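So the structure is just underneath, and the comments pick up after that.
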Number of protein chains: 2
Amino acid sequence: MTDDEATRQSSTNARVRTPAQNAVLALLLEVASTPKPGNVDRERDLGDLRFEHFLAGAVGALPGFDAAAQGDSIGQSFEQAVAGMSSQSGGNTQFGALLLLTPLVQTAATGSLTPERAREVTANTTTADAAAFYRAFEHVDVRLGEPPEDIDAPDARRGEGAVDDVSAADLTLADVMTQSATVDGIAREWTTDFERSFEVADFLGRVSGPISTRAAAAYLRQLSTVPDTHVARRHCKKTASQVMVRAQEAREGDRAHVRAFADALVEEGINPGTTADIVAGGLFIALERGIDI
Amino acid sequence: MTDDEATRQSSTNARVRTPAQNAVLALLLEVASTPKPGNVDRERDLGDLRFEHFLAGAVGALPGFDAAAQGDSIGQSFEQAVAGMSSQSGGNTQFGALLLLTPLVQTAATGSLTPERAREVTANTTTADAAAFYRAFEHVDVRLGEPPEDIDAPDARRGEGAVDDVSAADLTLADVMTQSATVDGIAREWTTDFERSFEVADFLGRVSGPISTRAAAAYLRQLSTVPDTHVARRHCKKTASQVMVRAQEAREGDRAHVRAFADALVEEGINPGTTADIVAGGLFIALERGIDI
């Protein structure tokens, strides 16, 4: 190859985003899509938690995604992504989304991005990954509420303090996720081969319009079909179920209805963050499939 | 260092964004700041040119910034950034900003980010950099209008066709910028040690409030003091001067006045893109200086 050809080649390759770049872009497109009732979006800040904190959080997570793509352990990559995400003053912006994206990035970077291959990546996690996962809590103020009684996993609110428990119990990160699956929608994705993330990606590929409009529709659709576990933890299961029903009603209404629903959720302090995280996961898969922007 | 210490160390380092990450974040914060009369911002798309195209453009430019940080030539890094930026369907989103950011990223990655060191980086460019600069036009539809009569540089509208002219004339990229400085605000930054970019960074550090609010104020301030060369090229010098005066009037008015000015510019099809690019340059410098987000 001549120098000139090498230059051209590198230019052509630059047109394709790496999985780490697509993960950052998925986080950005997720927060840009609007209206996304109850969450920060292009048209809404939530008090001191502002849109720009999500931009900085997404860009900050990049080295963690790069690490995952290069084959570093899932736990360590995730912890690095969380640490980078946290270098802004808004607090926890995308913790759940990073937990979803880290194994998906590694899956995409090492072969085809299928539910089966994603399962292999999560199945390969170790107790060291579990320890890194608990260490990641030290970087952020993840509001977890009281731990549910029906969960055996160490209490994540204890952060690094839980690391010894995990090691003693010989739990892998996949084990921890399995134990949390009933109360955490992201953990449930780990145990169901990322079922909802792939469902969102299919939806995004099926509908038409600007990607941000598609993502907002995907969000409302998910919110209307599965109770948001972040809402269930912060409020209660009943509230999460009610939000699901109200989202269904909003979907059947017009745009004004959706906006009114969005305003109401903000007023009630209800933030369906898990649903937003899953849309980010779906956006990543759609980007890897080459969806047009 | 034990494995544990190594993990902690890497987590701490991840809190600091690399120059390439800061360049991407600068592009994102620039487009997110609003109101930014005449440009796409958080609250405004311009027809088929949408906010999400700028998000994808910013993330796409990353490998080019990484190349600049690693010491690749400015021209080749810039071309790579432009190629990556172009992997979205909105067209040219951040060409000028990339021309500004590429040498600034290399300056920051190799030592302290000062006007003097930035000048050294640009002074080191060669004819190969100039050729790569012209090749970069092949990736985008940069609307340049008629070439002014008082400019000696090869006509960039000819893209790769201009490469032979540059080589024959033995022009470095710095030479090309010098020849364009009277008609292009970005080229002028190259010849004035990035004077306005550093001025914007000083301003951003001096005022208070959310970074996106500061950036919007910096934009209006720049627009009211220097005629936008993109407007001058697309329309005429007189229009650019009029926009400058109207921006000054808007600054003296209230928020409603600024919004009315923004609406008017969109209606008139006036897009002060160079001023927006310079704000991106200023944001990058401010981020490197550690401004809080």
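Some observations on this one:
- Contact map, region A:45-66: residues that are in contact (Cβ under 8 Å) with a residue 60 or more places away in the chain paired with residues that are part of a helix (DSSP H, G or I), Cβ distance under 7 Å, separation 6+ or inter-chain. Pairs shown: A:Leu46/A:Val266.
- Matching residues, region A:247-272, being part of a helix (DSSP H, G or I), open to solvent by 10 Å² or more (accessible area, probe 1.4 Å) and either among the small types (Gly, Ala, Ser) or in contact with a strand residue (DSSP E or B) (Cβ under 8 Å, 6 or more places away or on another chain) (or both): A:Ala256, A:Ala260, A:Ala264, A:Val266
- Residue pairs meeting the criteria (Cβ under 7 Å; at least 6 apart or on separate chains; first in contact (Cβ under 8 Å) with a residue 12 or more places away in the chain, in region A:200-214; second of a type in the set (Val, Ile, Thr) and part of a helix (DSSP H, G or I)): A:Val200/A:Ile278; A:Val200/A:Val279; A:Ala201/A:Ile285
- Each residue in region B:214-225 was checked for being open to solvent by 30 Å² or more (accessible area, probe 1.4 Å) and outside any helix (DSSP H, G or I), and 1 of them qualify.
- Every residue from region A:82-114 that is modelled with pLDDT under 95 and either more than 14 Å from chain B (Cβ to nearest Cβ) or over 26 Å from A:Pro272 (Cα atoms) (or both): A:Asn92
- A single member of A:Met177, A:Met244 is without any contact (Cβ under 8 Å) to a residue 24 or more places away in the chain, part of a helix (DSSP H, G or I) and open to solvent by less than 50 Å² (accessible area, probe 1.4 Å), and it is A:Met244.
- Among (1) modelled with pLDDT under 95; (2) over 16 Å from B:Phe65 (Cα atoms); (3) crowded, with 24+ Cβ neighbours inside 10 Å, the one test that A:Asp4 misses: (3)
- Leading residue by the ranking (most open to solvent (accessible area, probe 1.4 Å)) among those in region A:180-192 that are of a type in the set (Gly, Ala, Ser) and assigned to a helix (DSSP H, G or I): A:Ser180
Here is a yes/no grid of residues against (1) within 14 Å of chain A (Cβ to nearest Cβ); (2) more than 10 Å from the chain's Cα centre (by Cα); (3) at pLDDT 95 or above:
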site	(1), (2), (3)
B:Gly253	no, yes, no
B:Arg259	no, yes, no
B:Ala264	no, yes, yes
B:Ile270	no, yes, yes
B:Ala276	no, no, yes
B:Ala286	yes, yes, yes
B:Asp292	yes, yes, no
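- Residue selected from region A:43-57 under the condition within 18 Å of the chain's Cα centre (by Cα) and more than 8 Å from chain B (Cβ to nearest Cβ), by the criterion farthest from A:Ala262 (Cα to Cα): A:Gly57
- Hits in region B:27-77 - residues which are assigned to a loop (DSSP other than H, G, I, E, B), open to solvent by 10 Å² or more (accessible area, probe 1.4 Å) and not β-branched (Val, Ile, Thr): B:Pro35, B:Asn39, B:Arg42, B:Glu43, B:Asp45, B:Gly47, B:Asp48, B:Arg50, B:Gln70, B:Gly71, B:Asp72, B:Ser73
- Scanning region A:62-81 for residues that are closer than 21 Å to B:Ala58 by Cβ and at the interface with chain B (Cβ under 9 Å from one of its Cβ atoms) yields A:Leu62, A:Pro63, A:Gly64, A:Ala81.
- All positions within region B:198-221 that are touching a Pro at 6+ places or on another chain (Cβ under 9 Å) and either closer than 15 Å to B:Ala276 by Cβ or at pLDDT below 95 (or both): B:Ala216, B:Tyr219, B:Leu220
The values are calculated or read from the model by the stated rules, or taken from the named source; none is laboratory data. A quick note: this is a predicted structure, and the numbers were derived from the prediction, not measured. Ideal geometry is used to build each Cβ from the backbone, glycine not excepted, and the neighbour counts take in all protein chains shown. Surface areas here come from the heavy atoms of the whole protein model, side chains and all, with no ligands, DNA or RNA. Shrake-Rupley method; radii C 1.70, N 1.55, O 1.52, S 1.80 Å.
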